[in-house]
Structure formats: C-alpha cells, structure tokens
Amino acid sequence: MQLRFRTLIRGSIAEVWGAFEKIENLQRWQPALKSIRHIEGKPGQQGAISEVTYIEDGKEVVLRERIRYRQEGVAMDLEYTSPLVVSHIENRFLPAEGGTMWVVETDHRFRGLYWFLSLFMRSKIERRFREDLNRFKALVEKR
C-alpha cells in the first residue's frame, strides 16, 4: 500500500527540520507512541536502529526502526519492520512559498492475513498519518 502526503508548514526548513529530528517532540505529534529504545548506531543518524512501541487500538505494537537515509535539513527515510509489516517512509522537506513543504511517501508491505486486512485498513492508516502530520504542523507553527 503506497500513500503520499503533502503538508505546507509555516516555518523555515531549519525550524521544521529542527522540530522533526528532536526526539522529545515525537510523542507530542505521535500520541500513540509509547516508547523508543535505541539499539545500535548513533541515534538519529543513518544506520541507527531502535525499537519503537506504539499503542494501536489498545494493543501494543512493537516495530524495529532503521534510519535508511538522512540528509540534514532535507530528507530522512525510515524502515519499520515487524512480523506483520515492512514499511518504508520517506520524508522530504522542500522550500515552498510561505514556508516548508513536508512530503511524506510511504510504502507498506503487509504479510500473511494482514495483507488481506490491509485492503480494508487504508482509510484508517491515511487518517492516522494525516492527524500526525497536522499535529506536527501545529507544533511547529506555535513557535
């Protein structure tokens, strides 16, 4: 399942990137995030691996996060894996009139029964991403 989102944020790329990479902001715009545990590599840098735990519909979901690519102020690509899904999320921060355009492209590859169920989960996943993006936008624009 592939999704694409574009969000214009009133703020410079430096402001948006600074808020994006700040780990203490994550739970402010991703309220389902319960915890992050660093496993290897330099935190926040390409190659770093962490275990992230979310609460989804009252259930704990544990994912392994790997930073696939990172270019300061421009891009961060992440891979999330679990027995049920492999997700690639590409974040791009582009200059735009009035601020910064945050472009998020996702590719979710579900496994087993979840492949079938994903056909019915698309709108829920889209809504979740859109809500998280809007919370992040509000966080940055409050400054």
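The values are calculated or read from the model by the stated rules, or taken from the named source; none is laboratory data. As the structure is a computational prediction, the values presented were derived from the model and not from experiment. Virtual Cβ from ideal backbone geometry, glycine too; neighbours counted across all protein chains shown.
Condition check: assigned to a helix (DSSP H, G or I), modelled with pLDDT under 95 and of a type in the set (D, E, K, R). Does Glu24 satisfy that? Answer is yes for this residue.
Does the stretch 18-26 contain any residue that is in contact with a His (Cβ under 6 Å, 6 or more places away or on another chain), under 26 Å from Met101 (Cα atoms) and in contact (Cβ under 8 Å) with a residue 40 or more places away in the chain? For the stretch 18-26, residues in contact with a His (Cβ under 6 Å, 6 or more places away or on another chain), under 26 Å from Met101 (Cα atoms) and in contact (Cβ under 8 Å) with a residue 40 or more places away in the chain: absent. For Pro83, the stated conditions do not hold, so it cannot be described as exposed (fewer than 14 other Cβ atoms within 10 Å of the Cβ), of a type outside the set (Asp, Glu) and closer than 18 Å to Val16 by Cα.
Suppose the filter is of a type in the set (A, V, I, L, M, F, W, C) and surrounded by fewer than 14 Cβ atoms within 10 Å (Cβ to Cβ); does Leu119 pass it?
Against the criterion (of a type in the set (A, V, I, L, M, F, W, C) and surrounded by fewer than 14 Cβ atoms within 10 Å (Cβ to Cβ)), Leu119 qualifies.
If the condition is being in contact with a strand residue (DSSP E or B) (Cβ under 9 Å, 6 or more places away or on another chain), in a loop (DSSP other than H, G, I, E, B) and closer than 27 Å to Pro43 by Cβ, then the stretch 65-122 contributes Gly73, Val74, Ser82, Leu84. Screening Asp132 against (1) without any contact (Cβ under 8 Å) to a residue 60 or more places away in the chain; (2) surrounded by 15 or more Cβ atoms within 10 Å (Cβ to Cβ); (3) of a type outside the set (Ser, Thr, Tyr); (4) not in a strand (DSSP E or B) leaves a single unmet condition, (1). Taking the stretch 1-21 as the range and being in a loop (DSSP other than H, G, I, E, B), farther than 25 Å from Ile125 by Cβ and of a type outside the set (Ser, Thr, Tyr) as the test, the residues that pass are Arg10, Gly11. In the stretch 32-58, the qualifying residues are those that are in contact with a strand residue (DSSP E or B) (Cβ under 9 Å, 6 or more places away or on another chain) and part of a loop (DSSP other than H, G, I, E, B), and the one that is nearest to Glu141 (Cα to Cα) is Ala32.
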